[in-house]
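Here is the structure we will look at, set down as structure tokens.
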Amino acid sequence: MRFRRLISCCVVALSVMTSSACAQSTSAPAPTSSSTSAPLPLLVSSPTPGLAEATVAITPQSLQSEGTVQGVADQLSAAGFVAGRQRTFQGPSKDLTLIRDRELLFSSAEGANAYLNSVRKQSTAYFGEATGSTALTHGSRTGTLFVPPECACHGANPVLTAVLTDGPRLSWVTINGPMATKQRLQEVLSQPTRP
């Protein structure tokens, strides 16, 4: 009797799993290309040892809720935002206390460049008053380096941000800490990445 009940349960479980698998295979959207289906690569490890690591997915809504820039979600959607990920390393250090690697994927290179241009136009809203900007190239990535004005405040550390595009991908890399310099940012940009 128990054996029959066990067989019945197994048959029911198998039929549910099979119908579920069939439903998933017919309803799952096909990836548009290998670049949009593969996870975005992020920094493998912190260039400053000992910092805590956190990785999260990025959506237009999460970027909208984190800042003071109006209409970010709409700008991302208009530019063809596909996916985003962010890896943050943070903690006390005499080198860098914050390293944030944010990678955004758009449906086209034009979309990534359109979003980069909107960041340039709204640099004050993103980075504060009197923020300087210079062209920046790193390998195949091109874009802008944003540097805030020097602060005479005791204990203040500079925050440097590079926003670079490479085809449909946009990299937004920020560093902060006592040793945050343009050269140090270039070193961070040269670090290995992984999905």
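So which of 82, 11, 16 ends up being of a type in the set (Val, Ile, Thr) and at pLDDT 50 or above?
Matching residue, one of 82, 11, 16: 82.
Can you pull out the helices (runs of 4 or more DSSP H) entirely within the range 31-134 that have at least 1 residues that are of a type outside the set (Phe, Trp, Tyr), in contact (Cβ under 8 Å) with a residue 60 or more places away in the chain and within 22 Å of residue 189 (Cα to Cα)? Break it down into steps so the answer makes sense when it comes.
Working: elements: 34-37, 60-66, 72-78, 109-121, 123-127.
Where helices (runs of 4 or more DSSP H) fall fully within the range 31-134 and carry at least 1 residues being of a type outside the set (Phe, Trp, Tyr), in contact (Cβ under 8 Å) with a residue 60 or more places away in the chain and within 22 Å of residue 189 (Cα to Cα), they are 34-37.
Filter the range 169-189 for residues that are among the aliphatic types (A, V, I, L, M) and not in a loop (DSSP other than H, G, I, E, B) and give the result.
Scanning the range 169-189 gives 170, 173, 175, 185, 188, 189.
Right, residue 150: out of contact with any Lys or Arg (no Cβ under 7 Å at 6 or more places or on another chain), without any contact (Cβ under 8 Å) to a residue 40 or more places away in the chain and surrounded by fewer than 18 Cβ atoms within 10 Å (Cβ to Cβ) or not?
For residue 150, the condition - out of contact with any Lys or Arg (no Cβ under 7 Å at 6 or more places or on another chain), without any contact (Cβ under 8 Å) to a residue 40 or more places away in the chain and surrounded by fewer than 18 Cβ atoms within 10 Å (Cβ to Cβ) - is met.
Assuming residue 176 fulfils every condition listed in (1) crowded, with 16+ Cβ neighbours inside 10 Å; (2) within 28 Å of residue 108 (Cβ to Cβ) apart from one, which condition is it?
The failed condition is (2).
Only one residue in 123, 93 is at pLDDT 95 or above and assigned by TED's automatic domain parsing to the domain that holds residue 177, so which one is that?
Result: 93 is the single residue among 123, 93 that is at pLDDT 95 or above and assigned by TED's automatic domain parsing to the domain that holds residue 177.
The values are calculated or read from the model by the stated rules, or taken from the named source; none is laboratory data. Since the structure is predicted, the reported quantities are computational estimates derived from the model, not experimental observations. Glycine gets a Cβ as well: all are built from the backbone with ideal geometry, and neighbour counts include every protein chain shown.
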